[in-house]
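Single-structure report; data block below.
The values are calculated or read from the model by the stated rules, or taken from the named source; none is laboratory data. This one's a predicted model, so the numbers in the text were calculated from it and none came from an experiment. With ideal geometry, Cβ positions are generated from the backbone for all residues, glycine too; neighbour counts draw on all protein chains shown.
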Amino acid sequence: MSKARGGDPTSPRLSNDCFALPPGAHWTPVDEALAALRKALRPVAQVESLSIEALNGRFVAEEVIARRDHPATDNAAVDGYAFAHPGGRAEAVFELCEGRSAAGAPWSGALAANQAVRILTGGEMPEGADTVALQEDATVEGRQVRLLPPKNRGANRRRAGENIEVGAVVLKEGARVSPQAVAQLASAGLARVDVYRPLKVAIISTGDELAAPGSTRLDHQVIDANGPMLAALIQDLGAEVALSARVSDDRAALEATLDEAARKADAILTSGGASAGEEDHLSAALQEAAAREEGGFHLWRVAVKPGRPLAMGMWKGAPLFGLPGNPVAAFVCFAIFARPALTHLGGGAWTTPKGVLLPSGFNYPKKRGRREFLRVRLGEDGRLEKFRSEGSGLISGLLWSDGLADLPHEAGPLSEGDPVRFLSYTELGIRA
Ligand code: AMP
Ligand code: MG
């Protein structure tokens, strides 16, 4: 049975209105905004079939089912002697049969109750045997072997299918293939799997003040840090940078770049110009496209710090995430909103990062009614240390920290020793 899949030309496109937030709230709580994203988005990346060597890091496009049992047969977990456990733990003497069972070279005979045969790790259990005695617990005496039976019948025997059984689910749709998963896929008899192609993302930095990295004439300029940062974040997600551009605050230039981005990429990530000021050309362009019914625009006022409004929209069929210009706000908004959304567009299951509760090593005047993310790291005393400043332009704090403290929407001031939810960058899919 076939089903509509991401990238399938027959599957419906994302609607221009897919970034609408639930009405009512003036400042939407983070969790509500995330729930809206989760509901609206679905995979849009193309699907391809890849051989096992090329799967690492990809998202699987189907539920992957084991084609065979692993192990295929009952076999020995140690080197020793296979026999039928007589019950009891008394040392017993068995007739030693000729030959042996080794991995890939089974013994062809069948054992009677008083017989044993040499078996090596991975060797198939001979007919009639249910237990393997350790080599160290055996003494060969001519054509006999004296064995100390292990405590349990079935000891040192691996069961057919004990790792995975034919028909069992190896990976769910949307799982990211890890090296561990590659080993399980191979063992379960899979040589090729349908996976999503890397999501193609266009990255656009906006602002008259921006200069290319490496620029030396910097009279009134700011070096574009967001472009390279977002490109690196995209790569950590398993997506691909399809276009990387810097545009000045000029409507025609911006629209031309957005057009190119929509042609080349599955999704667009911008930074800067996302608020509602007179130099916020991105928001203005999206708003006009939405008014012409050629796109979509929602200015997301989310109750989160750092993070000014986000411009969320559709440009010529491509979902667009308009991040704030301040690098720290861009980073946090990427980690909290764009990261799960782009992962899902690229075929990954929707994920909610799992935090760990750790004691705070600082006091902080948290305001109720907004979620706050602080740059923190784990101190040697096992408590979280906070970066010296909440300044939204301090990239040094991103480098200093190894994750974010996630202070809940409803929480008030934080005192030293209070438990804090710590989201490591690794848990957020970001290399630290
Ligand atoms: P905006 O959101 O466009 O109002 O920008 C807010 C602040 O972020 C300004 O100080 C900008 O200079 C700075 N900024 C905007 N874009 C970038 C960028 N790509 N790299 C570094 N800083 C930026
Ligand atoms: Mg700007």
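Observations on the structure shown:
- Qualifying residue in the range 199-206 (condition: out of contact with any strand residue (DSSP E or B) (no Cβ under 8 Å at 6 or more places or on another chain) and either closer than 29 Å to D266 by Cα or in contact (Cβ under 8 Å) with a residue 24 or more places away in the chain (or both)): no
- Test: P340 is farther than 22 Å from E279 by Cβ and either acidic (D, E) or surrounded by fewer than 19 Cβ atoms within 10 Å (Cβ to Cβ) (or both): no
- Every residue from the range 213-243 that is out of contact with any Gly (no Cβ under 9 Å at 6 or more places or on another chain) and over 30 Å from A175 (Cα atoms): G214, S215, T216, R217, L218, D219, H220, Q221, A225
- Matching residues, the range 166-218, being out of contact with any helix residue (DSSP H, G or I) (no Cβ under 7 Å at 6 or more places or on another chain), β-branched (V, I, T) and buried (at least 22 other Cβ atoms within 10 Å of the Cβ): V177, V195
- Top-ranked residue in the range 259-290 [being at pLDDT 95 or above and in contact with a helix residue (DSSP H, G or I) (Cβ under 6 Å, 6 or more places away or on another chain); ranked as nearest to ligand 1 (Cβ to nearest atom)]: S271
- Scoring A256 on the criteria (1) at pLDDT below 95; (2) away from ligand 1 (no atom under 16 Å from the Cβ) leaves a single failure, condition (1).
- Selection over the range 255-284 of residues that are surrounded by fewer than 22 Cβ atoms within 10 Å (Cβ to Cβ), more than 25 Å from R42 (Cα to Cα) and in contact with a Leu (Cβ under 7 Å, 6 or more places away or on another chain) gives a count of 1.
- Residue tally, condition within 16 Å of ligand 2 (Cβ to nearest atom) and within 23 Å of L243 (Cα to Cα), over the range 213-228: 7
- P198 fulfils the conditions (1) out of contact with any Lys or Arg (no Cβ under 9 Å at 6 or more places or on another chain); (2) not in a strand (DSSP E or B) except for a single criterion, (1).
- Verdict on R157 being more than 30 Å from A330 (Cβ to Cβ), touching a residue at least 40 places away in the same chain (Cβ under 8 Å) and either of a type in the set (D, E, K, R) or surrounded by 14 or more Cβ atoms within 10 Å (Cβ to Cβ) (or both): yes
- The residues in the range 291-348 that are within 13 Å of ligand 1 (Cβ to nearest atom) and at positive phi can be counted, and the count is 1.
- Test: residue in the range 195-210 that is acidic (D, E), within 15 Å of ligand 1 (Cβ to nearest atom), more than 21 Å from K316 (Cβ to Cβ) and not assigned by TED's automatic domain parsing to the domain that holds A54: yes
- A77 crowded, with 20+ Cβ neighbours inside 10 Å, more than 21 Å from the chain's Cα centre (by Cα) and hydrophobic (A, V, I, L, M, F, W, C): no
Condition check ((1) surrounded by 14 or more Cβ atoms within 10 Å (Cβ to Cβ); (2) free of Cβ contacts under 8 Å to residues at least 12 places away in the same chain) across all residues:
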{"site": "E53", "(1), (2)": "no, yes"}
{"site": "R58", "(1), (2)": "yes, no"}
{"site": "P71", "(1), (2)": "yes, no"}
{"site": "F83", "(1), (2)": "yes, no"}
{"site": "N114", "(1), (2)": "no, no"}
